[in-house]
Structure formats: C-alpha cells, structure tokens
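So the structure is just underneath, and the comments pick up after that.
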Amino acid sequence: MLNQLVLAFILSSLIVIVAYWRGSLSPSGAAAAVLVGVLVFGLGGWRWGVLLVLFFVSSSLLSHYREDEKRAVADEKFDKSHRRDAGQVLANGGAGALAAVLHTAVPAPFWLPAFVGTLAAVTADTWATELGTLSHKPPRLITNGRTVPVGTSGGISLWGTAVSFGGGLFIGLAAGLLIRQNVLALSLVGGLAGLAGSLSDSLLGATVQQIYICDVCGQETEKKQHCGQPTHPLRGWNWMSNDLVNLVSSVTGGLAAVLLSLVIG
C-alpha cells in the first residue's frame, strides 16, 4: 500500500506540474489536485486514476478552447476563472476521492459506480459550461423556461444538455473499457448519471445558489465585485457557493450511478 501511495504521489505531482505550467491550476489548486490524485490513484488503483486524468485533461483542454470568445461571459458572470483553485478542485474531485477512501476502508461493489458517477457528473457539467458558453442561442432557465443570457446560473439549452450527456458517456465508456466488462451498461450509467448531476447543478443554480446583482449595470453575477463596486445579494442562500453546488451535484451523480447500476446491471 505504501509503495502504491508513493507512486501515486509521484504521478500526481508530475501531472499537476504540467497543469500548473499550462495555467490550469493555481498554487492552492495544485496542492489540492495532488491530494485528490494520491487518494484516487493510491487507494482506488490505476484504473480509477486514469478516469480522474481523463476528466481533468478533457476539462482543461476545453477550458482553453476558444478561450478569448468565452472570456467576456466569464468576466461578467463567473466568480472564478479557468485557473482552478483548491475550492474548485475539491468540489469536482472531493466526492470521488472520498469514494476511493471508502472503497479501501469498507470494500463494496457499489463504490466503483459511485466513483464513475461523481466523475461523470463533474465532466458533464464542465463540458456543458465550456461548450455551452459558445452557443449563439440563449439558454432557458430550468425552473420556468424563461430566456436568460448565456452564462446565467440555472440556464440550460438543448446543445448543453446533449454535451452533458456526452461528457458522462465519455467517462462511463472509459470505465467500461478499463475494467473490460459491462461496457455498454457502464457507458449508459455514466451518461445518465452525468446528465442527472449536470441538471441538478442547473436546478441548484437557479434556486438556492447565491447570486448577486451589480448596482452599476444591473447584471446578475456570481461575483462579489462587479464594475469596480461591491455587488448585493439577489437570490439564493448566502452559504451556497458555486463550488458547493458542484460538490452536491457530483454526489448526486454518484448516487444516481449506484441506483442505475442496480437497474441496468
């Protein structure tokens, strides 16, 4: 076990160094990513580690895809940039790391689908955010169907929903190929669990996530500062940040995957 943890630390550190050099991680994000990598690689095994790498690499590549076109929306709407800090890393990988710990501490067959579901959810949500922001058609609020600006928390579109399913399917298919069994079943579990997690993220974003309004321009935003001035709470719970929404959504994806695996087999 010790040798596996040491190897996990070395591999995780190498990947994180490259990601930090590429501008995908902040210093705190790099430290958190090493921790998540050690737990997943060291306790879950190399197959779990490969799935984590696939999520991280695909998400990082998409965050840099047509970056200049997405910067205006990110600057207006999003509290954080594509350079992930510790909060973002733990929100996306924390539930998966916990599944790896429990997989070792209390072995059970459902920890693998739980892990796949958490990664499918964060992959689905990240893909939808990175590619959905480029859509020329405005999304609609998940709660009432009202048209909202691109980047609005809780906004969904047909394109974004399809991308969400594709992100989850990607993780599920990879999991099936890595363990060499139940490929079709795990692919479907990943796709549906990812979609469930992504939609729960949108629902939380439209209802309970803390959203602010800028008194200068009237823009809804996740930022506490906008147009050089402090913003004011508009809706949501003051402790429900975007990072916490992502964490809850990843747990939702994990639970959905466990239930789906019982049904689909």
Quiz item: Exactly one of (1) farther than 21 Å from residue 259 by Cβ; (2) under 22 Å from the mean Cα position of the chain (by Cα); (3) not aliphatic (A, V, I, L, M) is unmet by residue 187. Its number?
Solution: (1)
Practice problem: Look through segment 205-247, keep the residues that are assigned to a loop (DSSP other than H, G, I, E, B) and among the charged types (D, E, K, R), and return whichever of them is farthest from residue 194 (Cα to Cα). | Solution: 215
Exercise. Within segment 46-65, identify whether any single residue is more than 29 Å from residue 179 (Cα to Cα) and modelled with pLDDT under 90, and answer yes or no.
Key: yes
Self-check item: Members of segment 18-45 found to be closer than 22 Å to residue 121 by Cβ, modelled with pLDDT of 90 or more and polar (S, T, N, Q), listed by number
Solution: none
Quiz item: Quick one: how many residues across segment 105-146 are of a type in the set (Ser, Thr, Tyr) and either free of Cβ contacts under 8 Å to residues at least 40 places away in the same chain or farther than 19 Å from residue 249 by Cβ (or both)?
Solution: 2
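So which residues in segment 177-215 are touching a strand residue (DSSP E or B) at 6+ places or on another chain (Cβ under 7 Å) and crowded, with 20+ Cβ neighbours inside 10 Å?
Listed by number, the residues that qualify are 202, 206, 210, 211, 212, 214.
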Exercise. Run down 132, 151 and say which single residue is touching a Lys or Arg at 6+ places or on another chain (Cβ under 7 Å) and not acidic (Asp, Glu).
Key: 151
Practice problem: Could you please let me know if residue 204 is in contact (Cβ under 8 Å) with a residue 24 or more places away in the chain, hydrophobic (A, V, I, L, M, F, W, C), over 22 Å from residue 130 (Cβ atoms) and touching a helix residue (DSSP H, G or I) at 6+ places or on another chain (Cβ under 9 Å)? | Solution: no
Quiz prompt | Candidate set: segment 33-47, residues that are surrounded by 21 or more Cβ atoms within 10 Å (Cβ to Cβ), without any contact (Cβ under 8 Å) to a residue 60 or more places away in the chain and among the small types (Gly, Ala, Ser); chosen: the one nearest to residue 84 (Cα to Cα) | solution = 37
Practice problem: Specify the residue that is nearest to the chain's Cα centre (by Cα); the eligible residues are those in segment 105-124 that are farther than 10 Å from residue 52 by Cα and of a type in the set (Phe, Trp, Tyr). | Solution: 111
Quiz item: Out of 74, 97, 121, 114, which single residue is at pLDDT below 90 and either assigned to a helix (DSSP H, G or I) or aromatic (Phe, Trp, Tyr) (or both)?
Solution: 74
Quiz prompt | Count of residues meeting criterion [in a helix (DSSP H, G or I), over 21 Å from residue 134 (Cβ atoms) and touching a residue at least 12 places away in the same chain (Cβ under 8 Å)] in segment 177-201 | solution = 14
Self-check item: 1 or more residues over 29 Å from residue 132 (Cα atoms) and β-branched (Val, Ile, Thr): qualifying helices (runs of 4 or more DSSP H) within segment 1-67
Solution: 2-21, 27-39
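The values are calculated or read from the model by the stated rules, or taken from the named source; none is laboratory data. Computed from a predicted model, the values in this text were never measured in an experiment. Please note: Cβ atoms are built from the backbone with ideal geometry, for glycine as well, and neighbour counts cover all protein chains shown.
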